[in-house]
Amino acid sequence: MSLSRRNFIKVSAVTGSGILFSFHMPKAADNNPFVFQPNLYIKISSDNIITLRIAEQELGQGVSTSLSMLLAEELEANLETIETEFIPYNKNLPDYQNEFGLTTGGSGSIVAKWKAMREAGAIVRDMLLEAAARTWNTSKDNCYAKKSFIHHQKNNKSLSYGQLAEKAAQLTPPEKVVLKTPEAYEIIGRPTPDLKNKFVATGQYKYSLDEEVPDMVFAAIVLYPTKDAKIQQYNPSKTLAIPGVSRIVEFPGTPKNASFNGSEAGLAVIADSTWAAMKGKKMLEDNVKWDYGEYGKKDMISLREDFKQALKEDFKERHQKGDVDAAFNREVTKTLIVSYENPYLAHGLMEPLNTIAHVKDNSCEIWAGSQSPQYTCYHLAKILDMPLEQFTFHPYPSGGGFGRRYFTDFVTQAALISKQIGLPVKVTWTREDEIQHGRYHPFRQEHYRGGLDKENNLVVAHYRGITTHAWGAGVDLIYHVPNRKVEFSIRDSPLHFGSWRSVGAHISAFGRECFIDEMAHFAKKDPVEFRKELLQKMLDEMTDANDNSDRTKFKKNQLPRYLKVIDTLRKKVNWGSVLPENEGLGIAISDYGYGRAFTNWRSSVCGQVAHVVVKDGIWEVKKITVVVDCGTVVNPSGARAQIEGSIYWALSPLIYPGIDIKRGQVAQSNFHDCKFLRIDGAPEIDISFISSTDHPTGMGETAVPTLTPAILNGIFNASGIRVRNIPVKELRYRYA
Amino acid sequence: MGKYSLTVNKKTHTFEVASDTPLLWVLRDTLKLYGTKYGCGIGQCGACTVHIDGLPYRSCCIPIESIKDQSIVTIEGLSENGTHTVQLAWQVVDVPQCGYCQSGQIMTAAALLDRIPQPTEADINRAMKGNICRCGTYVRIKEAIKLAAKNISS
């Protein structure tokens, strides 16, 4: 970085409670002109408690622990005494130049803060060392930092960071700091239990649903059931007769003009308790007459019909190389045509969405767990026609995010309700609301056509994907096929689309990894050898390409990662060994994320082998073996947790039906008919990381995409049954 | 509306609520004991699990009027200082991710170990099957229960 380090840090004394070091740590890819805008604060209190204030949101990915670890590593702080706070969005926190300044998603927190967080720690440590040296009238070289104390090398003197902070704050921050080399890490790479565990285990960890503010009232909502529904009439009398219910408020919908905004209109039942509001909601639902609109005529049958129609219409081209038609006509001796289908899927966040909002004439205050507090404020500023400076967003840990809380709908609705009643209101979604008004993993069908020449080489692949949203439309084939064409078509969806843990990668990897497996069997080749050969050929193509495009740079770095992961995985599972009857292994690989210059053009790569047993029409998983290359692993316990969670996340849609649509609405309503994996169905998982000192490349979603194809390929190897649509309908899961 | 008296975590509270109010919402909205969570409202997910006379119950499905002279324990009262074997095992094994379902998981696991101090894999699955975790902490929940069982026996 060329800017003077002095520009990155400001120190201010906080009355009574300690010293606050404020940093502007630019995101690694930040090229904007420099303005001091703090996005990281380290407070050292006189009793030697270090508080890290971060802009990242805690969603269960353990970000407060892993960022604390990065800080503690260089600060030489006692990790156990670091506390984390989440920075509220307010007028004192300057605009980050764009509305996505405070978002948490895309498995990007550690990726973005890997260097910045350690540098912040090193800068403050250096200042504390200098402060101690001056106190003892010696040089910094005679002092060392350990566990939140500075010690004198030559005698027994020591001072706590808390004792030194005020003096350190008077000093000029160092121009340059040298970060530790990997051999010197003491905290990074050490499996560390999440720092919030003791609060969770005692019920003290607070989500926004557990918050209350003075004069707060409670609300439950009845959202418009379809995209273009209207109210014909409703009778409020029975609802208003419920003790505790005070009124019913109509709130408008807001337009969807960007990926994550837009919200449904509805009716809010205002009450003096959550229970009264929920009872009122139920009563009101029975007393509304809807016009379901044009979307009210849609269901999965009509959507499938529309997807059939799409096949007769033009597709958009995403990628092409060689000549697909010529190859099929001249070279191909055997053709395989296969299609895969991926359902709509809900998030099922354990903490139903909720928000406390208080909108006054010149202020809007929000309490919520969100992945995008700042983006939400930008959106609300337009909706409420209120300057950004008048917003305060108190972020809370989320009881699950998985992409759902990137969307602004649940906060917008609460703000619109508060604006009308002039009181702070806590809006609690019911489970039914959460299942029926989600932002869903898109429904998608993929049609693959592959051709082998007379030597059984894969010479051509043609992909046509039909989907309900642009995210992840098309596919990155990753394997070398000399003639290839990727096309897609996007159709209108009755349901709102969403980012569902791993977003487009989940959808793409399923079809691609099953197709390549089918082609391997079709060519009578081993699926591992077949993949390796085609990845190596792709690497050769990229090496020969000799262009300097970002894509080529990415591919050149990424393909060796793939090859290494496959080789490691193959050895781990003893691929090719003879298994008992009815058992089979299935392999799949995928990456998640995109390469950037500061990650040396790499993203995380995951390979999985599913050991599947199929017997008497029942399938089960003996074990999932996982190999991941995600660069440096900051917290192995947290990283493993993300892999375990990703696998169980991806397993539910293989077992249980996805979201069904009837009359333009979600047919399911709660956990009894929108089912998710339970403990007895959770198979054993064996995880290894590729040992690496590379820049971290993210861990929250990496292991989701590979699970589906690994299992489906495993089912084929165990039984000869080729499943191409999920959930698996040909067989029953043992623990369904 | 009715006037009710309820013993929660050894403390007796008196309050007035609608008679059909589920115990869950009494705990949360009336007594401000927010450790017990709302997950589904129909007894499908277990996030609201509390102990009633030592047995695990889904507090979202128990109207306040049906509780008579019974002793309720919530996550806040499971131990004096958060030192119940299960609470400690949960931290050592690093079970929580988002943490939201974990009060219910811990209450269910504690009740299981009260009844069966050395549970088999099948016992664990049977007892814990009613508790959903969307972060997928299942493998660690099993491990933590086994660790707690080991600590009980030694």
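The values are calculated or read from the model by the stated rules, or taken from the named source; none is laboratory data. The model shown is predicted, which means the values in this text are computed figures rather than measured ones. Counting neighbours? That spans all protein chains shown, and the Cβs are built from the backbone with ideal geometry, glycine included. Protein only, heavy atoms only, side chains kept; ligands, DNA and RNA dropped before computing areas. Shrake-Rupley method; radii C 1.70, N 1.55, O 1.52, S 1.80 Å.
The number of residues in the range A:200-236 being free of Cβ contacts under 8 Å to residues at least 24 places away in the same chain and away from chain B (no Cβ under 14 Å) comes to 0. The one condition from (1) under 30 Å from the mean Cα position of the chain (by Cα); (2) closer than 30 Å to B:Glu76 by Cα that A:Met216 does not meet is (1). Here A:Trp619 qualifies as away from chain B (no Cβ under 14 Å), in a strand (DSSP E or B) and among the hydrophobic types (A, V, I, L, M, F, W, C).
Of the residues making up the range B:19-37, one or more are buried (at least 24 other Cβ atoms within 10 Å of the Cβ), among the hydroxyl-bearing types (Ser, Thr, Tyr), over 13 Å from the mean Cα position of the chain (by Cα) and farther than 24 Å from B:Tyr138 by Cβ.
Mind checking which residues of the range A:305-335 are open to solvent by less than 90 Å² (accessible area, probe 1.4 Å) and closer than 20 Å to A:Arg444 by Cα? Residues satisfying the conditions are A:Asp306, A:Phe307, A:Gln309, A:Ala310, A:Leu311, A:Glu313, A:Phe315, A:His319. Here A:Tyr648 meets each of (1) among the aromatic types (Phe, Trp, Tyr); (2) open to solvent by less than 10 Å² (accessible area, probe 1.4 Å); (3) more than 22 Å from B:Ala122 (Cβ to Cβ) with one exception, condition (3). The single condition among (1) of a type outside the set (Gly, Ala, Ser); (2) surrounded by fewer than 24 Cβ atoms within 10 Å (Cβ to Cβ); (3) within 30 Å of A:Thr552 (Cβ to Cβ) that A:Arg444 does not satisfy is (2). Among the residues of the range A:181-198, those identified as part of a helix (DSSP H, G or I) and open to solvent by 90 Å² or more (accessible area, probe 1.4 Å) are A:Glu183, A:Lys198. Summed over the range A:548-593, the residues that are surrounded by fewer than 22 Cβ atoms within 10 Å (Cβ to Cβ) and in a loop (DSSP other than H, G, I, E, B) give a count of 11.
Residues in the range A:403-441 that are open to solvent by less than 10 Å² (accessible area, probe 1.4 Å) and of a type in the set (Lys, Arg) were compared, and the one that is nearest to A:Phe307 (Cα to Cα) is A:Arg439.
Does the range A:707-715 include one or more residues that are more than 10 Å from chain B (Cβ to nearest Cβ), more than 28 Å from B:Gln44 (Cβ to Cβ) and in a loop (DSSP other than H, G, I, E, B)? Within the range A:707-715 (the criterion being more than 10 Å from chain B (Cβ to nearest Cβ), more than 28 Å from B:Gln44 (Cβ to Cβ) and in a loop (DSSP other than H, G, I, E, B)), the answer is no, since none of the residues qualifies. For the range A:480-498, a residue qualifies if it is crowded, with 24+ Cβ neighbours inside 10 Å and modelled with pLDDT of 95 or more, and the qualifying residues are A:Val481, A:Pro494, A:Leu495. When each of A:Val723, A:Val704 is tested for being assigned to a loop (DSSP other than H, G, I, E, B), away from chain B (no Cβ under 14 Å) and farther than 19 Å from A:Asp567 by Cα, the lone residue that passes is A:Val723.
In summary, B:Thr74 fulfils each of the numbered conditions (1) within 14 Å of B:Ala149 (Cβ to Cβ); (2) at the interface with chain A (Cβ under 9 Å from one of its Cβ atoms) with the single exception of condition (1).
Considering (1) open to solvent by 50 Å² or more (accessible area, probe 1.4 Å); (2) under 17 Å from the mean Cα position of the chain (by Cα); (3) assigned by TED's automatic domain parsing to the domain that holds B:Cys133; (4) not aliphatic (A, V, I, L, M), the lone condition that B:Asp53 does not fulfil carries the number (3). Taken across the range A:461-471, residues that are closer than 22 Å to A:Pro527 by Cα and surrounded by fewer than 23 Cβ atoms within 10 Å (Cβ to Cβ) do occur, with at least one present. A:Lys289 meets each of the listed conditions (1) buried (at least 18 other Cβ atoms within 10 Å of the Cβ); (2) not in a helix (DSSP H, G or I) apart from (1).
Residues in the range B:132-154 that are touching a residue at least 60 places away in the same chain (Cβ under 8 Å) and more than 17 Å from the chain's Cα centre (by Cα): B:Asn151, B:Ile152.
Give just the number: which of (1) open to solvent by 10 Å² or more (accessible area, probe 1.4 Å); (2) under 17 Å from A:Gly586 (Cα atoms); (3) touching a strand residue (DSSP E or B) at 6+ places or on another chain (Cβ under 8 Å) does A:Phe510 not satisfy? The one condition A:Phe510 does not meet is (1).
The residue list A:Ala703, A:Ala736, A:Ala667 contains one member that is open to solvent by 30 Å² or more (accessible area, probe 1.4 Å), in contact (Cβ under 8 Å) with a residue 40 or more places away in the chain and hydrophobic (A, V, I, L, M, F, W, C), which is A:Ala736.
Filter the range B:1-51 down to the residues that are closer than 14 Å to A:Ala276 by Cβ and β-branched (Val, Ile, Thr), then identify the one that is nearest to the other protein chains (Cβ to nearest Cβ). This residue is B:Thr21. Output the number of residues of the range A:271-291 satisfying the condition of being under 33 Å from the mean Cα position of the chain (by Cα) and touching a residue at least 60 places away in the same chain (Cβ under 8 Å). Residues in the range A:271-291 being under 33 Å from the mean Cα position of the chain (by Cα) and touching a residue at least 60 places away in the same chain (Cβ under 8 Å): 4 in total. For the range A:494-552, taking the residues that are within 24 Å of the chain's Cα centre (by Cα) and without any contact (Cβ under 8 Å) to a residue 60 or more places away in the chain, the one that is farthest from A:Ile647 (Cα to Cα) is identified as A:Asp550.
Is there a residue in the range A:164-180 that is within 14 Å of another protein chain (Cβ to nearest Cβ) and open to solvent by 40 Å² or more (accessible area, probe 1.4 Å)? No, the conditions are met nowhere in the range A:164-180. The helices (runs of 4 or more DSSP H) found entirely in the range B:61-128 that carry 1 or more residues being of a type in the set (Gly, Ala, Ser) and surrounded by fewer than 18 Cβ atoms within 10 Å (Cβ to Cβ) are B:121-128.
With the structure loaded, tell me whether A:Glu533 is open to solvent by 50 Å² or more (accessible area, probe 1.4 Å), assigned to a helix (DSSP H, G or I), closer than 22 Å to A:Lys454 by Cβ and acidic (Asp, Glu) or whether it fails that test. Spelling it out, A:Glu533 is indeed open to solvent by 50 Å² or more (accessible area, probe 1.4 Å), assigned to a helix (DSSP H, G or I), closer than 22 Å to A:Lys454 by Cβ and acidic (Asp, Glu).
The set of residues in the range A:495-519 being part of a loop (DSSP other than H, G, I, E, B) and within 21 Å of A:Phe315 (Cα to Cα) is empty. For the criterion of being of a type in the set (S, T, N, Q), in contact with a strand residue (DSSP E or B) (Cβ under 7 Å, 6 or more places away or on another chain), under 22 Å from B:Arg126 (Cβ atoms) and assigned by TED's automatic domain parsing to the domain that holds B:Asn131, B:Thr108 passes.
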